[in-house]
Number of protein chains: 2
Amino acid sequence: MAVRLQDVAERAGVSVRTVSNVVNDFPHVRPAVRERVQQAIADLGYRPNMTARFLRGGRTGMIALAVPDLSVPYFAELAGYMMRAAQGHDLTLLIEETDGDREREVLFLTGSRSSTIDGLILSPLTAEAEDLTGPSRSVPVVLLGERTYDEPLDHIAIDNVRAAREATAHLLHLGRRRVAAVGARPEHDSRMADLRLDGYHQALAGAGVARDDSLVVATPWFTRQDGYDAVVHLVRSDARPDALFCFNDLLALGAIRALADHGLRCPEDVAVVGIDGIEDGAFSVPTLTTVAPDMAGIASRAVDLLVARIGGRDVGVPVDDVADFALVVRGSTGGPGRSGS
Amino acid sequence: MAVRLQDVAERAGVSVRTVSNVVNDFPHVRPAVRERVQQAIADLGYRPNMTARFLRGGRTGMIALAVPDLSVPYFAELAGYMMRAAQGHDLTLLIEETDGDREREVLFLTGSRSSTIDGLILSPLTAEAEDLTGPSRSVPVVLLGERTYDEPLDHIAIDNVRAAREATAHLLHLGRRRVAAVGARPEHDSRMADLRLDGYHQALAGAGVARDDSLVVATPWFTRQDGYDAVVHLVRSDARPDALFCFNDLLALGAIRALADHGLRCPEDVAVVGIDGIEDGAFSVPTLTTVAPDMAGIASRAVDLLVARIGGRDVGVPVDDVADFALVVRGSTGGPGRSGS
DNA sequence: CTGAAAGCGCTTACAG
DNA sequence: CTGAAAGCGCTTACAG
């Protein structure tokens, strides 16, 4: 059924070696021969069998990106950037949704699919160090986000403490004094939440504002619904915040929705800041002030690093890379894009 | 480096055939032998080489989903459903972002990656019939969405005319008489837009409301920004709509943002309906009334169908499957989740 | 119930 | 510059 190299060779009257040379653009093939081979390829509609090539070469040309949930806009947008970065290296990107499930986070590392890819970019929630190192690991890994390990592993993230500090400081500069922190102690990523809480506390301290633990709201996850529930909690508990620093944009979007339901104006009564820089926030009502990580930079850095590791190039000891971010001021803190209603 | 079947065989003192039998759970292996083999597998940390298995078996165990843009929430959410559907068949789902680029839409069908997958689920914007049929096509394809072809091809979509009719009728039932249609004649999918425009016109006719072409707004794409711009256009043109039927949720979300910027209350001054049922609409201000296709059903149907084709099972002639949808009434047309401000 | 051997389609030393 | 041949790691008729 399938047209093989051999078929092309026979038709062109040369050896498979020569056909292979033509297919792979090797030099030292006489122009006349090259042309005859190319004609045969066209006639037969030959396309190389990647599987065979991979088996022979030991590489698959595929890398995987494993994120918790694609319907989280941050991960969906990041996946797009990763895809483009991978294309730049002629790699196919496989995307895996893990739901934070430990087994699925390391599926490509230790599971039956491990021979399918050359490397993995993982945004882990529950993977343990032993899953990522040890003999069962078969391919290089680059880690994304805040879950950190004692073992030396390549890792890329923004400086969460600083990001949180700047987000909170922005609210304090506006004159807000009762700034709530929304997103503490989530079930899925307490490390990241702890760092952002640190930054929040540092900003308060820097502005000479006393802590008030009734303004710190824990959420189970980082969803819109969790942000909504957090505001309901704040309203009921009579904590009276005049601003919300939400640990991500989805929490912030859910919080804005809840403020509207409770007759609280945003930003007049309660200003809101998030983190992630997802596109939704540019069109919400009001538009959302956010700390936007440099997703393109994170993606290209992650892929570059992984490619270097795959190639066995000496990249030095495992890298702990700090990605850029920018504070984007919009309607939810009085910038452009106010609700207008 | 890698542990092979052969290594396991040597350690267990059996032939590779026997090891293969154990690995693949074949019967007729004596319990004692089976145990010895399993011990050897554990000792050596053997994992089967998928690439070799694929080369031998002619299948890769992977299918691809090709969508225009993952940062479009509808596609991101759909991808999640597809992933779960694929898992149910023990298939790995490869996701490809095409940007509507013809070459990338058929990359897995005709390009160098074609031998990587067993089948493709494609949401096409620009692919031509000749790309999808003809001798260059190497694997089965299931098409999603409204781009249709004369050739017989498997295809799944909602009934767009009916969906648009019901969305528009909902606005008319509310007593609105100046219902605008937002999303006509986009560059990327005029077929789908035409169907939705048809449904819009049918609903108007059914309610005895005269058409007014100044209320039909063309948009280049289906983005939030396009929805925003459409409202700006309507405001400037003095068309004075009292409702908007937006051809998708992103347009609707952008439109709501623009209404706010122009001091128009939603739903009081202008009610809004979208199509897609993306999660964003459940938390926007106001929440968004939408026509929600049964994404889970579409995903499982698409994967089931593709699996049947891959298996060569007789599924009959190419299927033209009509997926379910539901009208979800929310704040933007006076349902629960009003802005509250 | 198990062993020896062919072959999936490629790439690449090894000769010439 | 090109040909004949081995081998990547697996599965599976074919014997026994």
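Could you list, in sequence order, all residues of the stretch A:35-49 that are more than 8 Å from DNA strand C (Cβ to nearest atom), of a type outside the set (G, A, S) and either crowded, with 18+ Cβ neighbours inside 10 Å or facing chain B (nearest Cβ under 9 Å) (or both)? The answer is A:V37, A:I41. Looking across the stretch B:259-272, just one residue is within 16 Å of A:S284 (Cα to Cα) and part of a strand (DSSP E or B), and that is B:V272. The combined condition, being part of a strand (DSSP E or B) and without any contact (Cβ under 8 Å) to a residue 60 or more places away in the chain, is fulfilled by A:V217.
Residues that are in contact with a helix residue (DSSP H, G or I) (Cβ under 9 Å, 6 or more places away or on another chain) and at pLDDT below 95 do occur in the stretch B:326-337.
Applying the condition of being more than 15 Å from A:Y46 (Cα to Cα) and more than 7 Å from DNA strand C (Cβ to nearest atom) to the stretch A:1-29 and asking which residue is surrounded by the most Cβ atoms within 10 Å (Cβ to Cβ) yields A:V14.
Here is the figure for the stretch A:1-34: residues that are more than 14 Å from every other protein chain (Cβ to nearest Cβ) and within 11 Å of DNA strand D (Cβ to nearest atom) total 23. On inspection, A:R191 qualifies as out of contact with any Leu (no Cβ under 8 Å at 6 or more places or on another chain), among the basic types (K, R) and on the phi < 0 side of the Ramachandran plot.
What about B:R84, is it farther than 25 Å from A:Y81 by Cα, in contact (Cβ under 8 Å) with a residue 24 or more places away in the chain and either within 16 Å of DNA strand D (Cβ to nearest atom) or not β-branched (V, I, T) (or both)? Considered against the rule, which asks whether it is farther than 25 Å from A:Y81 by Cα, in contact (Cβ under 8 Å) with a residue 24 or more places away in the chain and either within 16 Å of DNA strand D (Cβ to nearest atom) or not β-branched (V, I, T) (or both), B:R84 comes out as no.
Considering B:R59, B:R53, which residue is in a loop (DSSP other than H, G, I, E, B), within 16 Å of DNA strand D (Cβ to nearest atom), within 11 Å of chain A (Cβ to nearest Cβ) and over 18 Å from the mean Cα position of the chain (by Cα)? Outline the logic, then answer.
Working: B:R53 fails: in a loop (DSSP other than H, G, I, E, B).
That would be B:R59, the only listed residue that is in a loop (DSSP other than H, G, I, E, B), within 16 Å of DNA strand D (Cβ to nearest atom), within 11 Å of chain A (Cβ to nearest Cβ) and over 18 Å from the mean Cα position of the chain (by Cα).
Considering only the stretch B:212-233, I want to know if a residue exists there that is within 28 Å of A:V72 (Cβ to Cβ), touching a Ser or Thr at 6+ places or on another chain (Cβ under 8 Å), within 14 Å of chain A (Cβ to nearest Cβ) and of a type outside the set (G, A, S). Yes, some residue in the stretch B:212-233 is within 28 Å of A:V72 (Cβ to Cβ), touching a Ser or Thr at 6+ places or on another chain (Cβ under 8 Å), within 14 Å of chain A (Cβ to nearest Cβ) and of a type outside the set (G, A, S). Of all residues in the stretch A:220-239, those being more than 15 Å from A:V273 (Cα to Cα) and part of a helix (DSSP H, G or I) number 9. Considering the stretch B:50-80 alone, what residues qualify as being within 13 Å of DNA strand C (Cβ to nearest atom) and either in contact with a His (Cβ under 8 Å, 6 or more places away or on another chain) or β-branched (V, I, T) (or both)? Within the stretch B:50-80, B:T51, B:T60 qualify.
So which residues in the stretch B:249-274 are buried (at least 24 other Cβ atoms within 10 Å of the Cβ) and within 7 Å of chain A (Cβ to nearest Cβ)? The answer is B:L253, B:G254, B:I256, B:R257, B:A260.
Restricting attention to the stretch A:63-88 and to residues that are touching a Gly at 6+ places or on another chain (Cβ under 9 Å) and in a strand (DSSP E or B), the residue that is nearest to B:G88 (Cα to Cα) turns out to be A:A64. Answer yes or no: is there a residue in the stretch A:147-157 that is crowded, with 21+ Cβ neighbours inside 10 Å, closer than 30 Å to A:R313 by Cβ and of a type in the set (S, T, N, Q). Checked against the condition, which is being crowded, with 21+ Cβ neighbours inside 10 Å, closer than 30 Å to A:R313 by Cβ and of a type in the set (S, T, N, Q), the stretch A:147-157 yields no hits at all. Just one of (1) within 21 Å of the chain's Cα centre (by Cα); (2) away from chain B (no Cβ under 14 Å); (3) within 24 Å of B:S284 (Cβ to Cβ) fails for A:R196. It is (3). The set of residues in the stretch B:62-88 being over 16 Å from A:E97 (Cα atoms) and within 9 Å of chain A (Cβ to nearest Cβ) consists of B:D69, B:V72.
The criterion of at least 1 residues that are away from chain A (no Cβ under 14 Å) and touching a residue at least 40 places away in the same chain (Cβ under 8 Å) is met, among strands (runs of 3 or more DSSP E) falling completely within the stretch B:89-188, by B:119-122, B:141-144, B:154-158, B:179-184. Would the stretch B:99-120 turn up any residue that is farther than 22 Å from A:Y46 by Cβ, touching a helix residue (DSSP H, G or I) at 6+ places or on another chain (Cβ under 6 Å) and not assigned by TED's automatic domain parsing to the domain that holds B:M192? Checked the stretch B:99-120: no residue is farther than 22 Å from A:Y46 by Cβ, touching a helix residue (DSSP H, G or I) at 6+ places or on another chain (Cβ under 6 Å) and not assigned by TED's automatic domain parsing to the domain that holds B:M192.
Taken over the stretch B:240-258, the criterion of being farther than 23 Å from B:E166 by Cα and either assigned to a loop (DSSP other than H, G, I, E, B) or not basic (K, R) (or both) is satisfied by B:A258 alone.
Among all residues of the stretch B:26-33, there is at least one that is under 39 Å from the mean Cα position of the chain (by Cα) and at pLDDT below 85. Of all the residues in the stretch A:301-319, those that are of a type in the set (G, A, S) and over 14 Å from A:H155 (Cβ atoms) number 3. Per the conditions (1) in contact with a strand residue (DSSP E or B) (Cβ under 9 Å, 6 or more places away or on another chain); (2) in the same structural domain as A:P186 (by TED's automatic domain parsing), the sole criterion not satisfied by A:V319 is (2). Scanning the stretch A:84-105 for residues that are under 18 Å from the mean Cα position of the chain (by Cα) and under 21 Å from A:V307 (Cβ atoms) yields A:R84, A:A85, A:A86, A:Q87, A:G88, A:L91, A:T92, A:L93, A:L94, A:I95, A:E96.
The values are calculated or read from the model by the stated rules, or taken from the named source; none is laboratory data. Just so you know, these numbers come straight off a predicted model, no measurement behind them. Neighbour counts are summed over all protein chains in view; Cβ atoms, including those assigned to glycine, are modelled from backbone coordinates with ideal geometry.
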